[in-house]
Amino acid sequence: MSTSTQSAASIQRLQHKRQTLEDAYSPPANFLEIDVCNPETHGVNKDRYTDYEVRMRTNLPVFRLKESSVRRRYSEFEWLRGELERDSKIVVPKLPGKALRLQLPFRGGGDGRFDDEFIEERRRGLEDFINKVAGHPLAQNEKCLHMFLQEQTVDRGYVPGKVRTT
Amino acid sequence: FFGLVSQGAEIDIVLDGQESRKTAELKLEDGRKERLPLYYDGETVSGKVNILVKKSGTKLEHQGIKIEFVGQIDLYFDRGNRHEFVSMVRELARPGILTQGVCYGFEFVNVEKPYESYSGANVRLRYYLRVTVVKRLSDLVKEQDICVHTLAQYPDLNSSIKMEVGIEDCLHIEFEYNKSKYHLKDVIVGKIFFLLVRIKIRHMEVQIIRRELAGSGPAALNESETLAKFEIMDGAPVRGESIPIRLFLSGYDLTPSMRDVNKKFSVKYYLNLVLVDEEERRYFKQQEITLFRRAEKRRRPIANSYIEQAIFHHRTAQFGQQQQPTTRAQQQQSQATPPLTTPEDAAAAAISPGRHGDANNSAADSPELESGSTHVSPALPAARSAPGIKDVLGEDDDDNY
């Protein structure tokens with residue numbers, strides 16, 4: 001149990017470089033915030049759909065824009081998830097539920113999938129999803145993710161691939 | 001202990017000098033711990049065998065009595081695979097008849113004990129004495145185990161381990177451990193230096209892992225056990241930060257490293273550095289270290305050791321809260337976890353899926369599975385290493401906060 005046989009010098013703390021004040025007090029290099037907010041329902045009656053604002057702020061060099069804001073709907077999140085499952089090596093987190101039952105007429109009660117509560121729950125699930133995905137080092141350089149976050153429209157005919165750090 | 005009650009004779013093995021001899025604890029096959037007399041290589045094993053005929057008046061006819069000193073390796077999974085690497089026999093009595101109690105002395109002079117006793121998950125190395133009273137139908141057998149320790153000299157060359165590892169463009173760290181060979185009561189002194197931090201780290205810990213490789217070829221069994229987990233950092237580091245490591249080995253149940261013992265098994269030890277990010281993704285780097293058993297030094301004068309003891313207790317107080325040695329790995333989800341790669345490694349580093357991932361179809365390309373519980377530490381802001389307590393013996397930690 002004793003360390004008494006060791007000299008003080010042999011178990012002294014290892015020398016380390018002093019951290020520069022700049023490194024200590026600059027904004028951290030891992031700044032990444034994505035909000036999914038401002039749900040809006042467009043259209044009338046049967047052709048209604050809800051989309052959300054996906055707002056991103058970051059200082060990661062892999063992302064071309066340090067600030068971006070786009071509008072995305074649930075099916076586009078599903079598209080992104082599918083692309084990532086196929087192309088990236090990560091286990092892609094789950095999306096909030098599809099709410100198939102709520103889409104049938106006269107079922108589910110209330111406004112179905114345009115119900116405020118449902119939209120809020122979905123919004124939260126989408127926000128968790130996109131934050132998890134965008135922060136994953138092995139998903140960060142996928143073209144589909146960058147297009148999803150930073151292009152105004154999602155082009156499903158794009159060429160899949162990886163993005164190089166700028 | 002082998003059966004001896006039948007057929008009316010009791011066999012007892014008494015070792016010389018048992019009162020003054022040191023003992024050591026060894027785990028038996030059923031998990032119980034046993035205290036056994038301790039011997040070293042080259043030491044003579046001697047003693048007496050007492051045989052008592054149970055019912056006075058009865059005769060015990062036998063075909064000879066012998067005693068053996070055996071060193072053997074048992075591979076648990078291979079039933080009946082017992083390999084004796086030391087086997088010596090002494091004849092105690094020629095065929096005859098016992099009518100009363102009898103005592104035989106035995107001596108195995110300077111007997112070789114080349115390996116250390118080891119009791120592991122899939123393999124066991126033991127030394128024992130076995131007395132056999134040979135009879136026509138079934139022999140009477142009595143065994144007495146002993147424990148053997150092998151001692152090693154402090155190595156002449158004991159370089160430090162220093163390496164830069166990471167994930168391209170995301171996380172670069174440099175880790176350093178002060179030595180590559182540690183004795184069982186040693187202290188691991190090291191540091192982790194952050195070169196690039198583009199992920200949100202929540203905490204960092206060091207683990208001691210034992211890996212036992214039993215058998216060879218396709219039937220070989222690999223068993224990993226996490227012997228200790230020790231949190232060294234809580235909070236999110238940035239570039240330029242240096243986190244110290246100080247890990248006392250004497251608190252854990254360790255054996256010396258064993259390399260290819262009799263070509264049957266190996267026991268290796270690894271330090272596992274684990275970083276966990278905000279999404280429960282784990283990043284780890286395993287590094288093999290060599291452990292050896294050092295001869296115990298002679299006791300120092302009392303005055304000095306009192307001072308040294310006081311300092312030691314101060315140190316444990318500093319780390320008392322954080323140090324929670326777990327002796328059993330909690331085998332929960334086996335997730336694919338990422339090795340932090342050196343720049344030379346071409347393979348893509350995989351990252352564990354995190355809590356919401358499907359643990360079954362985990363990320364491809366991750367060669368190592370990490371056993372052990374997913375450690376979730378509360379995300380306390382700011383606090384990093386043990387808050388600026390001065391090293392009693394070492395340099396003052398210059399916390400410039």
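Could you check the spin-label model distance between A:Asp23 and A:Arg57? Points 7 Å from the Cα along Cα→Cβ, value in nm.
It works out to 2.6 nm between the two label points.
I'd like the trypsin sites (Lys or Arg not before Pro) in segment B:81-190 restricted to DSSP loop residues with at most 12 other Cβ atoms within 10 Å, sorted by number.
For trypsin sites (Lys or Arg not before Pro) across segment B:81-190 that sit outside H, G, I, E and B with at most 12 neighbouring Cβ atoms in 10 Å, the list reads B:Arg136.
Which order do peptides A:13-20, B:247-254 fall in by mean Cβ count within 10 Å, highest first?
Packing order, densest peptide first, comes out as B:247-254, A:13-20.
Say R0 is 51 Å: what FRET efficiency, to the nearest 0.05, do A:Ser69 and B:Lys181 get from their beta-carbon distance?
FRET efficiency, A:Ser69 to B:Lys181: 0.35.
With only Lys, Arg, Asp and Glu charged, each at its Cβ (+1 for the first two, -1 for the last two), find how big the charge dipole of chain A is about the Cα centre; round to the nearest 20 debye.
Its charge dipole is roughly 580 debye.
Take every Cα pair under 8 Å in chain A that's 6+ residues apart, average their separations, divide by the length, and report that relative contact order as a whole percent.
Rounded, it is 22 percent for chain A.
Taking neighbour Cβ counts within 10 Å as the exposure measure, how do B:Met204, B:Met88 sort from fewest upward?
Listing B:Met204, B:Met88 from fewest to most nearby Cβ atoms yields B:Met88, B:Met204.
I'd like the distance between the alpha-carbon centres of segment B:18-77 and segment A:16-47, rounded to an integer number of Å.
So the separation of the two Cα centres works out to 69 Å.
Please work out how much length the chain gains when fully extended from B:Gln287 to B:Leu28, using 0.36 nm per residue of separation minus the C-alpha to C-alpha distance, in nm with one decimal.
Result: 90.2 nm gained on full extension.
According to a simple spin-label model (label point 7 Å from Cα along Cα-to-Cβ), what is the distance in nm between B:Asn110 and B:Glu91?
2.5 nm
How much FRET efficiency would the formula 1/(1 + (r/R0)^6) give for B:Ala152 and B:Glu10, where r is the Cβ-Cβ distance and R0 is 60 Å, rounded to 0.05?
0.90
Roughly how crowded by other chains is peptide B:247-255, in terms of the mean Cβ count from those chains within 10 Å of each of its Cβ atoms?
Across B:247-255, the average partner-chain Cβ count within 10 Å equals 1.
Determine, from the Cβ-Cβ distance of A:Asn38 and A:Tyr158 and an R0 of 45 Å, the FRET efficiency 1/(1 + (r/R0)^6), rounded to the nearest 0.05.
0.95
About its Cα centre, what dipole magnitude does segment B:161-292 give when the only charges are +1 on Lys and Arg Cβ and -1 on Asp and Glu Cβ, stated in debye to the nearest 20?
It works out to roughly 500 debye.
Using a 7 Å offset from the Cα along the Cα-to-Cβ direction at both B:Asp41 and B:Ser56, what is the distance between the two label points in nm, to one decimal?
5.0 nm
Coordinate-derived values only; no laboratory data. As the structure is a computational prediction, the values presented were derived from the model and not from experiment. In this analysis, Cβ positions are derived from the backbone assuming ideal geometry, glycine residues included, and neighbour counts consider all displayed protein chains.
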